[in-house]
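Heads up, the thing below is written out as structure tokens.
The values are calculated or read from the model by the stated rules, or taken from the named source; none is laboratory data. Keep in mind the model is a prediction, meaning the values are calculated, not measured. So basically every Cβ, Gly included, is an ideal-geometry build from the backbone, and we count neighbours across all protein chains shown. Ligands, DNA and RNA are excluded from the accessible area calculation, which covers all protein heavy atoms including side chains. Shrake-Rupley method; radii C 1.70, N 1.55, O 1.52, S 1.80 Å.
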Amino acid sequence: MTTSPFIPNALTIAGSDPSGGAGIQADLKTFSALGVYGTSVITALTAQNTRGVAGVHALPTDFIAAQLDTLLDDVAIEAVKIGMVASEEVAIVIRDALARRRPRWIVLDPVMVAKSGDVLVDNAGICAVREILVPLADLITPNLPEAAVLLDYKAAQNLADMEALASRLETLGTSNVLLKGGHLRGERCPDLLISNNETQWLDAPRVDTDNLHGTGCTLSSAIAAYLAQGHELFEAVGQAKAWLSQALSASKRLQVGKGRGPVHHFHAWW
């Protein structure tokens, strides 16, 4: 881990969640909780709560480009987390902006399906994520349904299936893959990290809670935060997973909505 006298800056490029549990709001909370200065570029507005998504309004592409260019012209970004991207045009804008001012780390959380089961992007958006953003990313963090969508393949049902899926994901052009196994049945949550042909299983007990809204957003932004601070990839992923487990365990202290509530991002603070 490298150290700096300054607090590092991280960027989230994602959609907005009015309930505060996912998307931009979850990412900024995570950055702040982990000691990183958070910046944001909004790709879409959603009408959603803990029970589901009622609507998605994609922002004009030229305005997303303006957000990116204005921010990156001024602020040095150490790590970027990319979340919800609804169209090919937006994916191209993000790729071009980050190619011009390449940060050290780009983490892609391919958000396509909400925890409620609501589909957030169409087929063109899925293709854009697969063909434009996955090759751009240093790390992708799909869960099992998202991996199946990206590969147009059946979802994993066991650990052997996960290993096969992770290897397939590598062929899409990314350097590193974190395949999240939380959708498997059982008392454990196994995640599989593949980096430079090295494989590592990260296992944790399943937390008995319904407060799972935004867990994917939160984990990917936590990884980006630790990477921005100078941690190596394996260490960043391990620390982010441990921190998320604590946030899930502490989520019972929150009472937000009548559906799947959020994790407690500030469990270590209040």
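In the assembled protein chains, residue 180 presents an accessible area of approximately 20 Å² (probe radius 1.4 Å). For the residue pairs 154/258; 29/252; 180/252, the alpha carbons lie more than 26 Å apart in 154/258. Ellipticity at 222 nm from helices only: DSSP H runs of n ≥ 4 in the chain, each -39500 (n - 2.57), divided by the residue count, give -10500 deg cm²/dmol.
Tell me, what ³J(HN,Hα) does each residue in the range 236-250 have, in order and in whole Hz, if you take phi through Karplus 6.51 cos²θ - 1.76 cosθ + 1.60 with θ = phi - 60° and put x for Gly and Pro? Using θ = phi - 60°, the values come out as 4, 5, x, 5, 5, 5, 5, 5, 5, 4, 5, 5, 5, 4, 7 Hz.
Simple point charges give the picture: +1 on the Cβ of Lys and Arg, -1 on the Cβ of Asp and Glu, and for the range 190-270 a dipole about the Cα centre of about 500 debye.
Evaluate the charge dipole of the range 1-103 about its Cα centre and quote only its size in Debye, nearest 20, assuming +1 on the Cβ of each Lys and Arg and -1 on the Cβ of each Asp and Glu. Present the calculation step by step, with values, prior to reporting the outcome.
On the way: 7 positive and 10 negative charges, 64 e Å.
That gives the range 1-103 a dipole magnitude of about 300 debye.
Can you pull the Rg over Rh of the range 113-270, Cα-only, Kirkwood? Expressed as Rg/Rh, it is 0.95.
Largest accessible area first, the listed residues 171, 46, 61 line up as 171, 61, 46 when surface is computed with a 1.4 Å probe on the assembled protein chains. Charges were assigned to the Cβ only: +1 to each Lys and Arg, -1 to each Asp and Glu. The resulting dipole of the range 91-237 about its Cα centre is roughly 360 debye.
What the Cα convex hull of the range 122-212 gives, in volume per residue, is 102 Å³.
Quarter the surface of the alpha carbon convex hull of the range 205-270 and you get the mean projected area, 4.6 square nanometres.
Per residue, the chain exposes an accessible area of 45 Å² to a 1.4 Å probe, with every protein chain left in place.
The 1.4 Å probe gives accessible areas that order 231, 57, largest first, as 57, 231.
Heavy-atom accessible surface of residue 217, to the nearest 10 Å², is about 20 Å², with a 1.4 Å probe and all protein chains retained. Summed over all non-identical Cα pairs, the Kirkwood treatment of the chain gives a radius of 18.3 Å. If you sort 34, 159, 192 by accessible surface, 1.4 Å probe, largest first, the order is 159, 34, 192. Take residue 175: with every protein chain present and a 1.4 Å probe, its accessible area is about 60 Å². Ordering 225, 270, 156 by Cα displacement along the dipole of the range 116-270 toward the positive end leaves 270 in first place; charges were set at the Cβ atoms of Lys, Arg (+1) and Asp, Glu (-1). What ³J(HN,Hα) values, in whole Hz, does the Karplus curve 6.51 cos²θ - 1.76 cosθ + 1.60 give for the range 213-227 when θ = phi - 60°, with x put for Gly and Pro? Here the 3J(HN,Hα) series is 5, x, 5, x, 4, 5, 5, 5, 6, 5, 4, 4, 5, 5, 5 Hz.
Across the range 21-80, the mean sequence separation of Cα contacts (distance under 8 Å, 6 or more residues apart), normalised by length, yields a relative contact order of 21 percent.
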